[in-house]
Structures are given as C-alpha cells and as structure tokens.
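Undergrad: For reference, the structure I am asking about is given below.
The values are calculated or read from the model by the stated rules, or taken from the named source; none is laboratory data. This structure is a prediction, so every number in the text was calculated from the model and none was measured. As a convention, Cβ positions derive from the backbone with ideal geometry for all residues, glycine included, and neighbour counts pool all protein chains shown. Just the protein is used for accessible areas: all its heavy atoms, side chains included, with ligands, DNA and RNA removed. Shrake-Rupley method; radii C 1.70, N 1.55, O 1.52, S 1.80 Å.
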Amino acid sequence: GQQVMQIPQYQHVQEGEDFTTYCNSSTTLSNIQWYKQRPGGHPVFLIQLVKSGEVKKQKRLTFQFGEAKKNSSLHITATQTTDVGTYFCAGPSWGKLQFGAGTQVVVTP
Amino acid sequence: NAGVTQTPKFQVLKTGQSMTLQCAQDMNHEYMSWYRQDPGMGLRLIHYSVGAGITDQGEVPNGYNVSRSTTEDFPLRLLSAAPSQTSVYFCASSYTETQRSYNEQFFGPGTRLTVL
C-alpha cells in the first residue's frame, strides 16, 4: 500500500533562519495536503497541491509538488517563533487520507 | 458554526472498561473519520464513514467500533480498553470528493485518553 514518509522527524531552527521539510510517497499522488499542528492543538489545514510541479506560497511558507507527483516540500523562510509545531503532509489513498509522521519544528529565539 | 466538536477532552479508564468518544459536526459533511495520534507515528486512521449508515475500517481498527446513524454524529466506541489504546484521538470531517473538488479535513480539538 501507499506510504507517505516525511523527513526530517525533528527540525531545530534558529529564529530568522530558513528550513525545508520533505514528504515522499511510494506511489503517485493525485494531490497532497499539508497541515500544521501547534503544541497541544489539533491539525489545521494549510494547503492542497494538485498539479505536477505546482508551487504555492502563503506569506513565508512555500509549498511545492514534485513533477512526478510523488514528493512535496514545505520551505519556511525567516522562521519565527509562531512557526513552532508539527507539520504533516497527507496523500489520498482510496478515498482516505494517509498522513506522514510529521516534522516537529522547534524554534530557538 | 461550531465546526467539529469532541467530548470528553480528557478521560482516564481502567483496563477492561468500555466507553464512547463523541464527535459531532455541523457543516453537513458527508465524510467523517477517527484518527489516533501517538508520538512519532503521526495520525493513523481508525475508522471512517462516507455517509450516514456507511462505515469502513482504516489502518488500526482493532478494539474500536463505530456507527453513523446521522450525518452529524460519528461516535467511537472502545469495547474493552487496553493500555495500548492510550493516545490522543481526533475526529475529522470533510466534504466528499463528489461534492467538492478537494477534501480538506476539519479536525476536532481531540480527546486525550489514558488507560491504566
């Protein structure tokens, strides 16, 4: 079955620095979604990518869908303390969403 | 709209006890699902429903039952609690793909369950 893998599992970032987290699927995805979960909170939808090679931006967050639609990335520029949390990617599999294990982001002031 | 609501927020059970986690949504979503979240393992799908009267198993269904008698409610029943079921449980809902072009998941606030 399809597997969605995320790397890295943990990311320690100095405030102001950039970082990227990656999501890889064992099969081609029709679309991919990204969610953010703040500590103690619940996952919140960020964005969905559908097209091969698609790039979308939300302020300091840049999301990209790979040309083969088997991988995706989230790049955050000038990290702020408000970026703390766990970022999940999720891909559909037979009408269900399969979530990656997430990248936990810790920001050092 | 209240969105997705879950009760209780916290629960402590003894091994062998049963209980029901409640989930309700007021967005007229057809699709509802239950996930459990454990450290380092992301969100794992327990059961899901594509509409009232229709349920199916997810990735980790053992030890859990669900039913969907109305569009709004999707309760999760633990039949005989075990320490391995200690986790955070999230309910989520979304439009089905037949209704919308995407299926953004709306999550409830979660239930933190401890089984002793």
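Undergrad: Which whole-number percentage describes the relative contact order of chain A, with Cα contacts under 8 Å and a sequence gap of 6 or more? Provide the component values of the computation, followed by the final result.
TA: Details: 276 pairs, mean separation 40.4, N = 109.
This gives 37 percent for chain A.
Undergrad: What Kirkwood hydrodynamic radius, in Å, does the protein assembly as shown give when the mean of 1/r is taken over all pairs of distinct Cα atoms and then inverted?
TA: Values: mean 1/r = 0.0554 Å⁻¹.
Its Kirkwood hydrodynamic radius stands at 18.1 Å.
Undergrad: Going out from 0 in 5 Å bins, what whole percent of all Cα-Cα distances in region A:16-109 drops into each bin?
TA: Reading upward from the zero bin: 3, 14, 26, 26, 18, 9, 4, 1, 0.
Undergrad: Roughly what % of DSSP beta bridges within chain B run antiparallel, to the nearest 5? Numbers along the way, then the final one.
TA: Numbers: 32 of 36 bridges.
Looking only at bridges with both residues in chain B, the antiparallel portion is about 90 percent.
Undergrad: Using amide H atoms built in the peptide plane, which far-off residues or other-chain residues are under 5 Å from A:Gln98 H to H?
TA: A:Gly91, A:Ser93
Undergrad: Another question, if that's okay. Per residue of A:43-53, what is the mean number of Cβ atoms on other protein chains within 10 angstrom of that residue's Cβ?
TA: Working: counts 10, 4, 8, 1, 1, 4, 0, 2, 0, 0, 0.
Per residue, the number of nearby Cβ atoms from other chains is 3 on average.
Undergrad: Using DSSP, restrict attention to beta bridges with both residues in chain A and report what percent are antiparallel, rounded to the nearest 5.
TA: Values: 36 of 41 bridges.
In chain A, approximately 90 percent of DSSP beta bridges are antiparallel ones.
Undergrad: Note down the nm distance, to one decimal, between modelled labels 7 Å out along Cα→Cβ at A:Gln14 and at A:Lys70.
TA: Simple spin-label model gives 3.7 nm for this pair.
Undergrad: Ok, one more. Under a point-charge model restricted to the Cβ atoms of Lys and Arg (+1) and Asp and Glu (-1), what is the dipole moment magnitude of the protein assembly as shown relative to its Cα centre, in debye to the nearest 20?
TA: Numbers: 18 positive and 15 negative charges, 29 e Å.
Dipole of the protein assembly as shown, to the nearest 20 debye: 140 debye.
Undergrad: Please list, in chain and number order, the residues 5+ apart from B:Thr86 or on another chain whose amide H is under 5 Å from its amide H, with Hs placed from the backbone.
TA: Counting only residues 5 or more places away or on other chains, the set is B:Val115.
Undergrad: Here is a further query. Only sites in a loop by DSSP and with at most 12 other Cβ atoms within 10 Å count here; which chymotrypsin sites (Phe, Trp or Tyr not before Pro) in region A:5-109 make the cut?
TA: A:Trp94
Undergrad: Taking 2.2 N^0.38 Å as the expected size of a compact globular protein, what ratio does the Cα radius of gyration of chain B give against it, to two decimals? If you can, show how the numbers build up before the last one.
TA: On the way: Rg = 13.6 Å, N = 116, 2.2 N^0.38 = 13.4 Å.
Dividing the Cα Rg of chain B by 2.2 N^0.38 Å gives 1.01.
Undergrad: Using a 1.4 Å probe and ignoring any ligands, DNA or RNA, find the accessible area of A:Glu67 and quote it in Å² to the nearest 10.
TA: A:Glu67 exposes around 140 Å² with every protein chain in place.
Undergrad: Considering only lysines 8 or more places apart in sequence, or on different chains, count the pairs in the protein assembly as shown whose C-alpha atoms sit under 25 Å apart.
TA: Value for the protein assembly as shown: 21.
Undergrad: Report relative contact order for region B:20-71 in percent, whole number only (criteria: Cα-Cα under 8 Å, sequence separation at least 6). Display every interim value, and only then the final one.
TA: Numbers: 78 pairs, mean separation 14.8, N = 52.
With pairs under 8 Å counted, the relative contact order is 28 percent.
Undergrad: State, in square angstrom and to the nearest 100, the accessible area buried between chains B and A, both chains counted, probe radius 1.4 Å.
TA: Details: alone 6090 and 6040 Å², together 10600 Å².
Roughly 1500 Å².
Undergrad: Across peptide A:62-68, how many C-beta atoms of other chains are within 10 Å of each residue C-beta, on average?
TA: Values: counts 0, 0, 0, 0, 0, 0, 0.
Across A:62-68, the average partner-chain Cβ count within 10 Å equals 0.
Undergrad: Same structure again: For A:Glu54, list long-range residues whose amide hydrogen, built 1.01 Å from N in the peptide plane, is under 5 Å from its own amide hydrogen.
TA: Result for A:Glu54 returns A:Phe65.
Undergrad: If you take each beta carbon of peptide A:70-81 and count the beta carbons of other chains within 10 angstrom, what is the mean?
TA: Values: counts 0, 0, 0, 0, 0, 0, 0, 0, 0, 0, 0, 0.
Taking all residues of A:70-81 together, the mean is 0.
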